[in-house]
Amino acid sequence: MPMQLLLAIVQDEDADTLCKRLNAKGFRVTRISTVGGFLARGNLTILVGVEDEQVEAVLAVIQATCHTRRSYINPTPLGTEPIHLALAAPAMPLEVQIGGATVLTFPVKRFLRVPVKETGETLPPRGEAGPTAAALEGAERMNLVLALVQNDDADPVTQALLGASYRVTRINTAGAFLRRGNVTLLIGVEEAKVDAVLEIIKANCRRREEPSPLETGMPMHSATIFVLDASRLIRV
């Protein structure tokens with residue numbers, strides 16, 4: 001079944017309610033603490049992997065939960081104005097509207113959970129995907145492997161990947177239901193090497209016997225992995 005990875009950037013005030021509502025409908029969620037670039041306010045980035053036919057259901061929950069809000073900012077931040085302006089009357093604060101949520105969707109090429117068997121070798125979003133820019137130029141096609149692993153597996157997986165000469169970026173994250181810490185690993189790799197990366201992750205994630213709470217209906221997995229197409233890889 002074709003899948004999508006949804007990346008939703010939501011306000012802190014809506015984050016807990018949103019995660020609870022998504023969990024209640026059976027959707028697994030990963031939380032990443034982030035910060036908006038304009039107001040420098042804390043927000044939350046949520047990752048949700050779902051089948052194509054479930055995307056609208058997730059979006060409906062986000063739309064029903066996330067709201068726009070008004071805030072006020074100082075048009076001349078402290079310390080940046082010239083001295084003669086600092087002695088003048090203070091400027092009136094500016095009213096701004098903060099958006100409820102920003103959602104991006106990415107087609108998932110492959111998806112698997114460890115130790116559960118992979119759901120499919122290839123998951124094109126709809127029909128056969130067209131050639132990427134790299135393929136058109138005769139270059140190696142690139143993929144992004146996004147792996148959600150348990151905290152105590154993160155170091156062994158990272159060291160094994162580095163030992164095999166794969167570059168890895170670690171992001172400390174958390175599951176939305178139990179709020180247990182986990183780690184999201186980002187690995188950019190040539191398409192022909194994806195299987196080798198997946199084998200390294202599988203080999204270094206321990207099987208866990210402890211069940212999730214029965215009411216969740218969500219069994220525990222050592223790792224959840226998404227493979228996405230990357231149209232370009234640029235290193236500066």
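Listed here are the residues, each with its yes/no results for (1) surrounded by fewer than 15 Cβ atoms within 10 Å (Cβ to Cβ); (2) modelled with pLDDT under 95.
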{"position": "T173", "(1), (2)": "no, yes"}
{"position": "A176", "(1), (2)": "no, yes"}
{"position": "V183", "(1), (2)": "no, yes"}
{"position": "A196", "(1), (2)": "yes, no"}
{"position": "P211", "(1), (2)": "yes, yes"}
{"position": "H221", "(1), (2)": "no, yes"}
{"position": "F226", "(1), (2)": "no, no"}
### Task
Answer yes if at least one residue in segment 97-119 is at pLDDT 90 or above, in contact with a helix residue (DSSP H, G or I) (Cβ under 8 Å, 6 or more places away or on another chain) and surrounded by fewer than 14 Cβ atoms within 10 Å (Cβ to Cβ), and no otherwise.
no
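The values are calculated or read from the model by the stated rules, or taken from the named source; none is laboratory data. Since the structure is predicted, the reported quantities are computational estimates derived from the model, not experimental observations. Ideal geometry is used to build each Cβ from the backbone, glycine not excepted, and the neighbour counts take in all protein chains shown.
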